[in-house]
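Structure, as structure tokens:
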Amino acid sequence: MTTEERPLHELVETLETAWNVSNRVAGAALFAEDADFIRILGRHYPGRVAVEQSHRTIFDTIYKGSHNSYTVAGVRFIRPDLAAVFIHAHLKWHSNGASSTSMRVLRSW
């Protein structure tokens, strides 16, 4: 990890922590006010407020008590002040009282 990449890794750690304590406000605060967030199934949420609201819904329902582990798979600087961060996410949750269900995805942020 380079010196330039370190703050991005820290941002991913903050996002992971926010998820794991179901803190939708802290997680959404990491997004720009005019962010465009596309969830894994393709639904679009325009703006930080919509990101926060969508996470409130999932933290209260399907992903209640879930745990996410993020690993930075790569960083690509597009400009010195703009980077794409590729994240491997490993999400565990309980479904209908059953034992843990797991999903692995590659996200870009």
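The values are calculated or read from the model by the stated rules, or taken from the named source; none is laboratory data. Just so we're clear, the structure is a prediction, and the values are computed from it rather than from any experiment. All Cβ positions, even for glycine, are placed from backbone atoms using ideal geometry, and neighbour counts span all protein chains on display.
Within the range 4-22, is even one residue without any contact (Cβ under 8 Å) to a residue 12 or more places away in the chain and surrounded by 13 or more Cβ atoms within 10 Å (Cβ to Cβ)? Yes: the range 4-22 contains one or more residues that are without any contact (Cβ under 8 Å) to a residue 12 or more places away in the chain and surrounded by 13 or more Cβ atoms within 10 Å (Cβ to Cβ). Taking strands (runs of 3 or more DSSP E) as the structural unit, those lying wholly within the range 1-101 and holding at least 3 residues that are in contact with a helix residue (DSSP H, G or I) (Cβ under 9 Å, 6 or more places away or on another chain) correspond to 67-79, 82-94.
Looking at this structure, is Ile78 aliphatic (A, V, I, L, M), over 13 Å from the mean Cα position of the chain (by Cα) and modelled with pLDDT under 90? Judged against the criteria, Ile78 is not a match.
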